[in-house]
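Here is the structure we will look at.
The values are calculated or read from the model by the stated rules, or taken from the named source; none is laboratory data. No experiment lies behind these values; they were computed from the predicted model shown. Counting neighbours? That spans all protein chains shown, and the Cβs are built from the backbone with ideal geometry, glycine included.
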Amino acid sequence: MSLEDSQRDHAALLAAFVNLFLDPLHNDAGKHPEWCASFREGALRGRRVPLVLPRLWEATGESAYYVIARRPHEAGVVRDLLLAFAGPSLVKVGYDIPVKLDDGDVLEAAIAARYGPSSTFKLRAPVDKRKALHGALIRMLALVENSPQRAWSAPKPLGRLLTDFESALVGGAPQVAAELLDQIARQGGLSVTNLKHLQIKRLAVMGQASELLAVPGLREVLLQDPPRAVKEIVLSALHATCIEPALTGQGVEKACAALAQSPVPIALLADAEPVHFGDSAAVTLLLGLLAQGQEVELAGAIAALDAVQRSSAVPPGLDRYRALAPQAACIEAEPTADVSVSADEAPSDSDADDLAWQPASWEELLAAAAEGDKAALRICRDMESDGSSELPLAADSAADAALAALLSGLSDASYENVWRYALSPFLQEVSRSGLSLPLTLAQITASSIGQRRDPANLAVLDLLLELFLRTSPAAEDYDEFLEHLTMRVQEWVASETASQALDFVDRLAAFATPDQQVRAQAALQLLSPLNRHAQRLDEACLASARSLSSELELDLDWPAWHQPGGSEDSITILPAQVLIYGMDAGVLDRVHAWMAEHHPQVKVSLSADKVGSSRLREVARHADFSVLITQCATHAATNFISQHAQAVVYPKGAGSVSVVRAIVDELQRHSRSVQLAAAGGRRRTK
């Protein structure tokens, strides 16, 4: 086929798609060709602009604009354009995150089929701003199509992007991690296999086990003998999707049959030793041995688990295999040499002795990781993949001071290694232990002052603030920490980051303070920039800001805060059921209290379970949607909820205001869908 033929075919398919979208049979906007003309022309003739297509529901008087990236890698560019031309001045939500397309909707299904499921932003404006939004989108199309060609973002070093990716995951911002992963793929520098490793890790953190097992090219990744961390993730996903549902009340035979039907052949992981993995992955490997008839190997694997006091990882139906090899030689519990999930190269045989090294303390591990030691990086990844650590933190102040001194003396390159490889397992261990490490946490925060306050680093700062405030710090440490936290606050606090800024204020209000004046001053520094943008904040953010100001006894004479907040539509939130999952009980309680005060018609269930249970299954099944706060969450529970939930929502941050914002946005979307469905039913009846 010639180039001209290919271009004609592309133009014909595009025209067919646009005609379908604007067909009055599916879209009432098609009844008003003068309204659609500019957007139709931009879609058909444009080359550099996204598609902007209007949609109208005459039965309810609602309208929306679908803004579609022409190519998958351009979604980030479209988001930047919408931020510049529409949000949040004209549109409160929908401009920053691609909409989840509905397969049951004719038009949205057509978008997903042609442009992909993460290609589209759905904009709605209040009635009084619809005309302004219409004009803004037309200006956007004209200016972008006719402007000089330019690069939309300055390239960042690959190491910086990978560090930001890790930061977004540990800070509970998986959506930010997705944007960074797209940028890494566009910029190049990583092999396809390593990109798949990162994609697998992100899906695991989000608890999307089914999506993880459906990743294109996963078999090829497993055939290349990937790092142990990747194997752990895949095995745990198999347990969540195939084994756990079958084991519940049906036994190991049904579980083996389910495993045989899994999308990933267990034979690709058969060389792994169960004792080297967490419980969920170990169960998968044990049943894989049984399914393949390797009873002697199964008995040896069970004996190895028994030898290290992990008998609880053996399903009850496998007890009888213990008798087959009572003298089975125990497999060495030390995992074989491995490599980081990210871009590091596999170690050579000469590195085996180095990889056998084990640190005696976190100080030793962090020091080795700072130097890029392969063994240290492997240990950090192993800790992160199975969510546990055999390297406990010391509880004394001397250890805290030693860690802080180590971090303060690192070069920029060494600190970058710590941030990228060791920060996640270290902060998770601090969170689990509940120990007080104020000096260390303050030093990590101080070291981040020179970094950009982008969404990834804001998510990590939120976690650092939470962990620091738990330590009941002295007044001097408290003052210094908050000074670091609020430094350069004018550079990042704006309407777009309002929920993250309010998350910080909420953390301050939730914990006792050794100095009321210092806390009030820090809160004012975070709130003052928002006052200038009050007209751009939605009601959820304004209500949270007013509530926090009152709770902190801030005497703020800011009239703009007491005006009704804007809303993307005058949608009445209908009764609904919501499950909120997270490991921070304080955040869960504050979200529950806020929802009870502002939306008592919504039934909210909370969960911080580390593993699945019959109660959690029932709650997830009956909830209209579940909210997963992934910051320091366990993969087992998030996978379990995702398997049973009707829909899953991920907030942009792990603080209570970000969670409330995500819930309110989804409730409005849910209520709108119900009302549109009811209106459609009335129209068909007529």
Residue under question is residue 124, and the condition is that it be assigned by TED's automatic domain parsing to the domain that holds residue 78 and surrounded by fewer than 19 Cβ atoms within 10 Å (Cβ to Cβ); does it hold? no
How many residues does the stretch 60-98 contain that are assigned to a loop (DSSP other than H, G, I, E, B) and either modelled with pLDDT of 85 or more or not aliphatic (A, V, I, L, M) (or both)? 16
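Check the stretch 151-160 and report whether any residue there is farther than 30 Å from residue 420 by Cα and over 25 Å from the mean Cα position of the chain (by Cα). Give the steps one after another, and end with the answer.
Narrowing the stretch 151-160 to residues farther than 30 Å from residue 420 by Cα: none.
The answer is no, given that none of the residues of the stretch 151-160 is farther than 30 Å from residue 420 by Cα and over 25 Å from the mean Cα position of the chain (by Cα).
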From the options 424, 414, residue that is in a helix (DSSP H, G or I), surrounded by fewer than 19 Cβ atoms within 10 Å (Cβ to Cβ) and among the polar types (S, T, N, Q): 414
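Rundown of residues vs (1) in contact with a Ser or Thr (Cβ under 7 Å, 6 or more places away or on another chain); (2) touching a residue at least 24 places away in the same chain (Cβ under 8 Å); (3) buried (at least 23 other Cβ atoms within 10 Å of the Cβ); (4) more than 30 Å from residue 55 (Cα to Cα), yes/no style:
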site	(1), (2), (3), (4)
135	no, no, no, no
170	yes, yes, yes, yes
193	no, yes, no, yes
206	yes, yes, yes, yes
210	yes, yes, no, yes
217	no, yes, no, yes
224	yes, yes, no, yes
Could you list, ordered by first residue, the pairs with Cβ atoms under 8 Å in which the first is in the stretch 259-279 and in the same structural domain as residue 224 (by TED's automatic domain parsing) and modelled with pLDDT of 80 or more and the second is crowded, with 22+ Cβ neighbours inside 10 Å and of a type in the set (Lys, Arg), at least 6 apart or interchain? 269/231; 272/228; 272/231; 276/228; 277/228; 277/231
Within the stretch 254-301, restricting to residues that are over 12 Å from residue 235 (Cα atoms) and β-branched (Val, Ile, Thr), the one that is surrounded by the fewest Cβ atoms within 10 Å (Cβ to Cβ) is 296
Tell me, yes or no, whether the stretch 528-546 has at least one residue that is surrounded by 14 or more Cβ atoms within 10 Å (Cβ to Cβ), at pLDDT below 90 and under 20 Å from the mean Cα position of the chain (by Cα). no
What are the pairs, 6+ residues apart or on separate chains, where a residue within the stretch 59-88 that is over 19 Å from residue 108 (Cβ atoms) has its Cβ under 9 Å from a residue that is hydrophobic (A, V, I, L, M, F, W, C) and assigned to a strand (DSSP E or B)? 81/67; 86/67; 86/123; 87/123
Is at least one residue of the stretch 581-594 surrounded by fewer than 17 Cβ atoms within 10 Å (Cβ to Cβ), outside the structural domain of residue 643 (by TED's automatic domain parsing) and either out of contact with any helix residue (DSSP H, G or I) (no Cβ under 8 Å at 6 or more places or on another chain) or modelled with pLDDT under 85 (or both)? no
Within the set of pairs 6 or more residues apart or between chains, which connect a residue that is under 12 Å from residue 120 (Cα atoms) inside the stretch 98-110 to a residue that is polar (S, T, N, Q) and buried (at least 20 other Cβ atoms within 10 Å of the Cβ) with Cβ atoms less than 6 Å apart? 98/120; 99/120
State all residues of the stretch 615-637 that are in contact (Cβ under 8 Å) with a residue 12 or more places away in the chain and out of contact with any helix residue (DSSP H, G or I) (no Cβ under 8 Å at 6 or more places or on another chain); if no residue qualifies, say none. 619, 622, 623, 634
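Filter the stretch 432-450 for residues that are over 19 Å from residue 515 (Cβ atoms), in a helix (DSSP H, G or I) and under 25 Å from the mean Cα position of the chain (by Cα) and give the result. Before the answer, list the steps.
Taking the stretch 432-450 first, the residues over 19 Å from residue 515 (Cβ atoms) are 432-435, 437, 440, 443-444, 447-450.
Going one step further and asking which of them are in a helix (DSSP H, G or I), we end up with 432-433, 440, 443-444, 447.
432, 433, 444, 447 - these are the residues of the stretch 432-450 that are over 19 Å from residue 515 (Cβ atoms), in a helix (DSSP H, G or I) and under 25 Å from the mean Cα position of the chain (by Cα).
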Quick one: which residue in 385, 389 is part of a helix (DSSP H, G or I), at pLDDT below 70 and not assigned by TED's automatic domain parsing to the domain that holds residue 274? 385
Considering residues that are outside any loop (DSSP other than H, G, I, E, B) and over 17 Å from residue 247 (Cα atoms), the number found within the stretch 603-617 is 5
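Suppose the filter is among the aliphatic types (A, V, I, L, M), surrounded by fewer than 19 Cβ atoms within 10 Å (Cβ to Cβ) and in contact with an Asp or Glu (Cβ under 8 Å, 6 or more places away or on another chain); does residue 83 pass it? Steps first, please.
Numbers: among the aliphatic types (A, V, I, L, M): yes; surrounded by fewer than 19 Cβ atoms within 10 Å (Cβ to Cβ): yes; in contact with an Asp or Glu (Cβ under 8 Å, 6 or more places away or on another chain): yes.
Here the answer is yes, as residue 83 does meet what is asked.
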I'd like to verify a number: residues in the stretch 71-80 that are surrounded by fewer than 17 Cβ atoms within 10 Å (Cβ to Cβ) and charged (D, E, K, R), how many? 2
Being assigned to a helix (DSSP H, G or I) and among the charged types (D, E, K, R) is the filter here, so list the residues in the stretch 529-559 that pass it. 532, 536, 539, 546, 551
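Please tell me if residue 675 is crowded, with 16+ Cβ neighbours inside 10 Å, part of a helix (DSSP H, G or I) and either at pLDDT below 80 or among the small types (Gly, Ala, Ser) (or both).
Working: crowded, with 16+ Cβ neighbours inside 10 Å: yes; part of a helix (DSSP H, G or I): yes; either at pLDDT below 80 or among the small types (Gly, Ala, Ser) (or both): yes.
Against the criterion (crowded, with 16+ Cβ neighbours inside 10 Å, part of a helix (DSSP H, G or I) and either at pLDDT below 80 or among the small types (Gly, Ala, Ser) (or both)), residue 675 qualifies.
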Number of the condition not met by residue 435 [criteria: (1) hydrophobic (A, V, I, L, M, F, W, C); (2) modelled with pLDDT under 80; (3) in contact with an Asp or Glu (Cβ under 8 Å, 6 or more places away or on another chain)]: (3)
Verdict on residue 453 being under 22 Å from residue 544 (Cβ atoms) and either under 24 Å from the mean Cα position of the chain (by Cα) or crowded, with 24+ Cβ neighbours inside 10 Å (or both): yes
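Can you say whether residue 502 is over 30 Å from residue 84 (Cβ atoms) and buried (at least 23 other Cβ atoms within 10 Å of the Cβ), as far as the supplied structure shows? Break it down stepwise before answering.
Values: over 30 Å from residue 84 (Cβ atoms): no; buried (at least 23 other Cβ atoms within 10 Å of the Cβ): yes.
When the stated conditions are applied, residue 502 does not pass them.
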Can you work out which of the residues in the stretch 517-527 that are within 29 Å of the chain's Cα centre (by Cα) and small (Gly, Ala, Ser) is farthest from residue 485 (Cα to Cα)? 523
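Name the single residue, out of those in the stretch 27-43 being in contact with a strand residue (DSSP E or B) (Cβ under 9 Å, 6 or more places away or on another chain) and not small (Gly, Ala, Ser), that is farthest from residue 126 (Cα to Cα). It would help to see each step written out before you state the result.
Pass one, the stretch 27-43, residues in contact with a strand residue (DSSP E or B) (Cβ under 9 Å, 6 or more places away or on another chain): 27-32, 35-36, 38-40, 42-43.
Subsequent filtering for residues that are not small (Gly, Ala, Ser) retains 27-28, 31-32, 35-36, 39-40.
Details: 27: 20, 28: 19, 31: 22, 32: 20, 35: 18, 36: 19, 39: 20, 40: 23 Å.
Only one residue fits best here, namely 40.
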Do you know which of the residues in the stretch 456-489 that are of a type in the set (Asp, Glu) and over 12 Å from residue 171 (Cβ atoms) is surrounded by the fewest Cβ atoms within 10 Å (Cβ to Cβ)? 476
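Output the helices (runs of 4 or more DSSP H) that fall wholly within the stretch 139-251 and possess 3 or more residues being modelled with pLDDT under 85 and hydroxyl-bearing (Ser, Thr, Tyr), or say none. Don't jump to the end; show me each part of the working.
Details: elements: 158-170, 174-187, 192-206, 209-213, 218-223, 228-238, 244-250.
Passing ranges: none, list empty.
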Those residues of the stretch 50-64 which are in contact with a strand residue (DSSP E or B) (Cβ under 8 Å, 6 or more places away or on another chain) and either closer than 18 Å to residue 666 by Cα or surrounded by fewer than 19 Cβ atoms within 10 Å (Cβ to Cβ) (or both) amount to 57, 62, 63, 64
